[in-house]
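In what follows, a structure is listed as structure tokens, so that the remarks can point back to it.
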Amino acid sequence: MNGVNYMGGKAVFIAHCILNQNSKALGFANRPGLIEWLIDFLKENGCVVEQLPCPEMLYLGVNRWWHTKDQYDTPGFRRHCRRLARRVTDLMEYYLRRGFSIVLIGVDGSPSCGVNLTGSNPYWGGEPNASAEQYQIVEGMGVWMEELLKEIEKREIRRFKIIGLAMDLPNFNLEESLKMLEAELEG
């Protein structure tokens with residue numbers, strides 16, 4: 001065999017929609033496929049990339065309207081996320097045993113994948129014709145990231161970093177995000 005058996009480095013677990021924009025709620029894809037600049041950056045930095053499952057798409061399908069964290073914050077959706085989290089952390093443990101450190105990249109503003117910011121409106125019922133103002137960006141973590149971090153903490157996984165990229169928000173700055181990613185990957 002000519003294959004190389006890589007040990008060590010960074011294993012980057014990345015939000016599903018960064019590699020598949022078509023998994024986003026209807027009308028929210030920014031491009032037809034993946035986010036090229038981020039994939040190119042990770043490739044240039046020698047990272048292993050693992051795509052996280054999209055709990056929203058697996059729960060409600062591809063043809064779904066957008067929701068807030070308040071709507072996803074249900075026992076059923078959390079149970080669904082916990083099942084996914086167990087499988088993802090199994091894979092993280094595999095990489096850790098092989099000497100990798102873990103980097104987790106979420107999408108700030110997402111009701112599921114937000115790390116620092118999520119979408120909220122406890123009074124909005126999810127009308128498909130709602131205005132963007134009804135989707136309020138607030139500090140906090142999305143449901144999927146909360147459940148994934150609980151599983152990571154339960155297993156006492158310590159060699160990991162978590163990053164939230166605000167790619168879908170109006171104030172997103174590509175240059176600043178690349179600098180932040182570079183600093184995180186070096187540390």
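A few points about this structure:
- Evaluating GLY61 against the criteria (1) buried (at least 18 other Cβ atoms within 10 Å of the Cβ); (2) on the phi > 0 side of the Ramachandran plot leaves one unmet condition, (1).
- Those residues of segment 147-181 which are under 14 Å from GLY109 (Cα atoms) and in contact (Cβ under 8 Å) with a residue 24 or more places away in the chain, in sequence order: ILE163, GLY164, LEU165, ALA166, MET167, ASP168, LEU169
- Matching residues in segment 42-69 - criterion: being in a helix (DSSP H, G or I) and over 16 Å from HIS16 (Cβ atoms): LYS43, GLU44, LYS69
- Matching residues in segment 64-103 - criterion: being more than 24 Å from LYS10 (Cα to Cα), among the hydroxyl-bearing types (Ser, Thr, Tyr) and exposed (fewer than 14 other Cβ atoms within 10 Å of the Cβ): THR74
- Spans of helices (runs of 4 or more DSSP H) in segment 70-187 with at least 2 residues modelled with pLDDT under 90: 174-186
- Residue in segment 61-81 that is of a type in the set (A, V, I, L, M, F, W, C), in contact with a Pro (Cβ under 6 Å, 6 or more places away or on another chain) and closer than 13 Å to GLU146 by Cα present: yes
- Filter result for GLY119 (surrounded by fewer than 16 Cβ atoms within 10 Å (Cβ to Cβ) and free of Cβ contacts under 8 Å to residues at least 60 places away in the same chain): no
- Scanning segment 35-58 for residues that are among the β-branched types (Val, Ile, Thr) and either buried (at least 18 other Cβ atoms within 10 Å of the Cβ) or modelled with pLDDT of 90 or more (or both) yields ILE35, VAL48, VAL49.
The values are calculated or read from the model by the stated rules, or taken from the named source; none is laboratory data. Because the structure is a prediction, the values reported are computed rather than measured. Using ideal geometry, Cβ is built from the backbone for each residue, glycine included, and neighbour counts are taken over all protein chains shown.
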